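Let me begin by presenting the structure, written as structure tokens, before commenting on it.
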Amino acid sequence: MRQHNKSFKLAGMNSYKLVLPIIVVSQFCCTSLWFAGNGVMNDLVSTFNLDPSAVGHLTSAVQFGFISGTLIFALLTIADRFSPSKVFFVCALIGSLFNLATILDNQTLYSLVTIRFCTGFFLAGIYPVGMKIAADYYDKGLGLSLGYLVGALVVGTAFPHFLKAFDTNVNWQYLIVFISVIASIGGILMLLFVPNGPFRKASQKLQLSAWSQNFKDKHFRAAAFGYFGHMWELYAFWAFVPLMLSTFLTNNPTLDFEVPLWSFIIIAVGGLACILSGYLSLTYKTKRVAFTALLLSCLCCLMSPFVFQWSSQYLFLGFLLLWGIVVIADSPLFSTLVAQNAIPKLKGTALTMVNCIGFSITIISIQLINYVATIWNPSYIFMLLAIGPVLGLIALYKNTD
């Protein structure tokens, strides 16, 4: 470790400054595997003569793959026992190959679900491992570093809405090939230019119970439960932004705006919010900034029924833009708190396991909102998203020292 730190310092400040941009670019390129399927979902249904319900199955397959992957990676402490840059590279290549397999002829629903599941599985070695790599390089200012990483993922998540808004006629097979190529390039960049960070402390042996060891620390628990509460709201909000916009237009038939375009803007603005919250964490305590963002997003959930009664599209869209900002601004900060309060040798495992639980929670909240939308007025259902932030705020408040 000392020898590595010495060589790292000798590399000079210029190379040090390049590390974060390379991590961000690599992370964006590789996590594009996540939203690639969303961008071509309708094309898959029409090309392979699938039932319209296949869209939900294919979307869920990636999520279940990621959850399964993070669980396995955490149990086997992959990111802590092996070089995280190498893990990132291998998973990027394998994930790219599975993504590329989508363009093969004669696909069925089962083969596509398997392909998307495997793609999600190997994303477990990309998204949380990318944060682990950043944590190995940045001790102070980690919130800002993760702000850039999460911000890149947010923009990528919004990208399919952008494609729908402009009705691009790009051949979907070419898009899949392009995504696989840039994901491979992202993995290669990480392998070649981002060696093990100076703050990395490797775990030398397999520890099947490692995932639970971190939860014995009250500060870690508070950060993790804050993250879980945030995740209850986040992906459900993103998933139902188009429904929110459509519901408002239904309530106000004289008004008109592009739902896909505004869905993109409302989600993508969160990328800037992540960077802003990262900068705020340099001046104020990370937990305080995260608590404030979670509180504001909780208030947005509770106010949502009243907002649908407004007749001004500018006020309504402005409110959703604010919600799009505060709903994600705390994400990199919670990951920062998780990394900072984790056992140093099990930092990668901690980030991976927290991701696993967090994304499992998103499936529950999305399915709950999806069900309630069939029996309630859509204007009122989003108050349920406040459940997560409330519990997260309680966990953070109880650990104020």
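Bear in mind these aren't lab numbers, they're just calculated from the coordinates by the rules spelled out. Just so it is clear, the structure is predicted and the values come from calculations on it, not from any experiment. All Cβ positions, even for glycine, are placed from backbone atoms using ideal geometry, and neighbour counts span all protein chains on display.
Tabulated values for the structure
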| quantity | calculated |
| --- | --- |
| Within a Gaussian network of the chain (alpha carbon springs, distance under 10 Å), most fluctuating of Ile375, Ile364, Ile266 | Ile375 |
| Charge dipole of the chain about the Cα centre (unit charges at C-beta), most positive-ward option of Ile325, Met353, Cys29 | Met353 |
| Dipole magnitude (debye, nearest 20) for the chain, charges at Cβ of Lys, Arg, Asp, Glu | 1920 debye |
| Least to most buried among Phe73, Phe228 (fewest other Cβ within 10 Å first) | Phe228, Phe73 |
| DSSP-assigned coil residues among trypsin sites (Lys or Arg not before Pro) in segment 303-401, each with at most 12 further Cβ atoms within 10 Å | none |
| Over 18 Å between alpha carbons, listed pairs Lys218/Lys347; Lys140/Lys285; Lys132/Lys285; Lys132/Lys218 | Lys132/Lys285; Lys132/Lys218 |
| Where only C-alpha atoms are counted, convex hull volume of the chain per residue in Å³ | 138 Å³ |
